[in-house]
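Accompanying notes for the structure given below.
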Amino acid sequence: MPAQPARYYYKGNRLKQLRAFCALVKFGTLSRAADALYLGQSAVSLQLSALEEEMAVPLLERQGRNLRVTREGMALYELARPLIEGIDGIDESLRQTLSGMDTGELNIAAGESTILHLLPTLVRRNRERHPGVHVHLHNVTGRDGLALIRNDQVDLAIGSMLEVPPDIAYEPVYHFDPMLIAPLDHPLAQIAEPTLEDISPHGLILPPRRLSTWRLVDLVFQQRRVPYKLALEVGGWEVIKQYVAMGLGISIVTGFCLTASDRERLLVRNLRAYFPQRSYGVVVRKGRVLTPHARRFVDLVKPGLFTRGHSDPGHSER
């Protein structure tokens, strides 16, 4: 196959042609353009000739050894200059973009127990990987948390949902067993696997009625047609655990909030035979485009959660 004329080599790289042309317009002479591009004048001249031939319009007027940019050439320059400057500065732009990705703010809504027991490891890992991102944890539950999500006052929430509104997306990640807790000297301590009937005579300490935990306990007892006594309504697993330890009642809590020290000071029995596991996961407003900070945090919770289109149970606390 015969060798192709040299002009096809120059014609084959539009970027080189445009860079040479912009350099000529910017610096005014062929020699200055060649110096700026670290090329010989002949190479730059070939790039210009190839570009002019490909554009099929006169870009330059040659007046002896001088070159003058035509009206068509100036129009092309105005189009090409931002492109060339953008490409030539892309490394610096990338550095600035990557630097910006590691600064900013991430707002997360969560209940007190989630903040105390589920989030510390995730927040620590996020800080180790992205020390410039300030994480703001909003201690809210129920309707207050949903209001923050709907108004885009937080990027996401980490929590549990029994009923998911149509404008909210919930992806469960972790699953935990329901646990009965009571004082160590409580009569239920004599029963290895207490039933709802065993629990029925004793006063329960539950979260407020507006929260899903209370509704779930009420639903299970009603479905089994077993009466129960409400001793106290109070918000927060930590407060409930303390009141149970003081002998003010018994309670049914989610297993993840029980620490090793809790198990030493409280009677703990698994109630999975009667109550479903509680799931905890990521809550966002449908249609919300997550910021890079939020996406990276979600990936810490469960890698690929919003890209694979499904989730798996994560780990269960037995």
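Values in this text are rule-based calculations from the coordinates and carry no lab data. Quick caveat: nothing in here was measured; it's all calculated off a predicted structure. All Cβ positions, even for glycine, are placed from backbone atoms using ideal geometry, and neighbour counts span all protein chains on display.
The percentage of C-alpha pairs in the stretch 6-88 whose separation is greater than 21 Å is 18%.
Taking 0.36 nm per residue of sequence separation and subtracting the Cα-Cα distance, how much length would be gained by fully extending the chain between Val164 and Val239, in nm to one decimal?
Values: separation 75, 0.36 × 75 = 27.00 nm, distance 2.69 nm.
That pair, Val164 and Val239, stretches by 24.3 nm at full extension.
Spacing of the modelled spin labels on Phe27 and Met246, each 7 Å from Cα toward Cβ, amounts to 8.2 nm. Normalising the Debye intensity of the stretch 50-191 to I(0), with uniform scatterers on Cα atoms only, and taking log10 at q = 0.09, 0.11, 0.16 Å⁻¹ returns -0.59, -0.70, -0.99. Database remark: amide H of Gly104 closer than 5 angstrom to the amide H of His134 (H placed geometrically; neighbours at sequence offset of 5 or more, or on other chains; Pro and chain starts carry no H). The slack between Ser42 and Ala147, meaning 0.36 nm per residue of separation minus the straight C-alpha distance, is 31.1 nm. By the rule of a C-alpha distance below 22 Å, with chain neighbours fewer than 8 residues away ignored, the lysines paired with Lys241 are Lys229.
Find how much the distance from Asp218 to Glu171 grows on full extension, using 0.36 nm per residue of separation minus their present alpha carbon separation; answer in nm with one decimal.
Details: separation 47, 0.36 × 47 = 16.92 nm, distance 2.48 nm.
The Asp218-Glu171 span can extend by a further 14.4 nm.
Out of every Cα pair in the stretch 178-276, what percent are spaced more than 24 Å from each other? Value for the stretch 178-276: 10 percent of Cα pairs lie more than 24 Å apart. Cross-link reach is defined here as a Cα-Cα straight distance under 14 Å, omitting same-chain residues fewer than 8 places apart; for Lys286 the aspartates and glutamates meeting it are Asp152, Asp155, Asp167, Glu171. Taking the inverse of the mean reciprocal distance over all distinct Cα pairs, the Kirkwood hydrodynamic radius of the stretch 220-294 comes to 15.5 Å. A viscosity of 1.567 mPa s and a temperature of 4 °C, combined with the Kirkwood radius over C-alpha pairs in the Stokes-Einstein formula, give the stretch 118-264 a diffusion coefficient of 74 µm²/s. Remark on Leu230: its backbone amide H falls under 5 Å from those of Leu204, a criterion applied only to residues 5 or more positions apart or on other chains, H modelled at 1.01 Å from N. For Lys16, a cut-off of 27 angstrom between C-alpha atoms picks up these lysines, skipping any fewer than 8 places away in its own chain: Lys26. Take the Cβ-Cβ distance between Arg129 and Arg210 as r, set R0 to 35 Å, and report the resulting FRET efficiency rounded to the nearest 0.05. So, using R0 = 35 Å, E works out to roughly 0.45.
Set against the labelled values [x] 26.3; [y] 16.9; [z] 22.6, mean projected area of the Cα convex hull in nm² computed from this structure falls on [x].
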